[in-house]
Amino acid sequence: MTPSLPHQGGPPDEPRRPAEDPRHKARRRALTLLIIGLLIGVPAGYLVISANQSRNSGKDKEAKYSATGLTQGWPSKVQRRLYQVSVPHPAEDVAYYETNNWKTSRLYVQFRTNAAGLDSFLETMGARRDELKKDDIAIGDRDRKVSGWKFTGPGPWLGLTHHQKNPAPTQDVVVNLSDLNRPMVFVVSRTVP
């Protein structure tokens, strides 16, 4: 049998607290429940919202990267800067497609512009209109197959290849001048990562 320890009383100079009334006890418990609910509910709500945003973002990216072929719209500013493809203003019928692998990354862009827009595009690339060669389809068979471009129909068709030292991209350009006021431009810009 274990001996019982003597009971120690409280300090003699401390006054006794009165018993808690029921209303105060209920208020204290309600406040405690509210705090616990907030401590659990706020992070849980944040996790649910974050998970939904993450799932939606993944679906958007999946749709973007599972696209095969040209997508209507402008390439992002980052893509245009990386591949050095400056789509001029005004431009319409703009479409693009990007491919990446361990060896080469390519950006395919097409757009229709006016004569000044064509000159501006070529100038930002470091080329001039007189460098375009008639009937020179600079975009190769492989890139035509990937993009779905068929350079047939009324012309004239002009092209050039703008070579640059790595890591700067090399651009292949084909221009359809069947409508001199609204030339159609096709560009493949490739870079080695």
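The values are calculated or read from the model by the stated rules, or taken from the named source; none is laboratory data. Computed from a predicted model, the values in this text were never measured in an experiment. Note: ideal-geometry Cβ built from the backbone for every residue, glycine included; neighbour counts use all protein chains shown. When the accessible area is computed, the model is the full protein with side chains, heavy atoms only, and any ligands, DNA or RNA have been set aside. Shrake-Rupley method; radii C 1.70, N 1.55, O 1.52, S 1.80 Å.
With 0.36 nm allotted per residue and the present C-alpha distance subtracted, the GLU131-ALA44 stretch has 25.1 nm of extension available.
Which percent of the accessible heavy-atom area of the chain goes to carbon and sulfur, probe 1.4 angstrom? Percent of accessible area from carbon and sulfur atoms in the chain: 56.
Loop-located trypsin sites (Lys or Arg not before Pro) across region 145-193 with a Cβ neighbour count of 15 or fewer within 10 Å are LYS150, LYS165, with loop assigned by DSSP. Give a quick list of chymotrypsin sites (Phe, Trp or Tyr not before Pro) in region 97-193 that DSSP marks as loop, anything other than H, G, I, E or B, with at most 10 other Cβ atoms within 10 Å. Taking region 97-193 and a limit of 10 other Cβ atoms within 10 Å, the loop chymotrypsin sites (Phe, Trp or Tyr not before Pro) found are TRP102. Axis of helix 115-125 versus longest Cα principal axis of the chain: the two differ by about 70°, to the nearest ten degrees.
Looking at region 72-117, the trypsin sites (Lys or Arg not before Pro) that sit in a DSSP loop and have at most 15 other Cβ atoms within 10 Å of their own Cβ are LYS103. Fully extending the segment from HIS163 to ALA115, taken as 0.36 nm per residue of separation minus the present Cα-Cα distance, adds 14.9 nm. Maximal additional length on extending the GLN72-LYS103 stretch stands at 8.5 nm, based on 0.36 nm per residue less the C-alpha distance.
Between ARG55 and LEU34, the modelled labels are 3.3 nm apart [label points 7 Å from Cα along Cα→Cβ]. Rolling a 1.4 Å probe over the protein heavy atoms gives region 106-182 an accessible area of 53 Å² per residue. On a 0 to 90° scale, report how tilted helix 22-65 is relative to the longest principal axis of the chain, with both axes built from alpha carbons and the result rounded to the nearest 10. Helix 22-65 and the main axis of the chain meet at about 20 degrees. Here the chain is treated with +1 on each Lys and Arg Cβ and -1 on each Asp and Glu Cβ, and its dipole about the Cα centre works out to around 640 debye. Stick to Cα atoms and the Kirkwood definition of Rh, then tell me Rg/Rh for region 128-193. In region 128-193, Rg relative to Rh is 0.99.
Dividing the summed helix terms, -39500 (n - 2.57) for each DSSP H run of n ≥ 4, by the number of residues in the chain produces a 222 nm estimate of -12000 deg cm²/dmol to the nearest 500. Dipole of the chain computed with +1 at Lys/Arg Cβ and -1 at Asp/Glu Cβ about the Cα centre; of VAL185, LEU47, VAL109, farthest Cα towards the positive end is LEU47.
Radius of gyration over Kirkwood radius for the chain, both on Cα atoms: the Rg/Rh ratio is 1.57.
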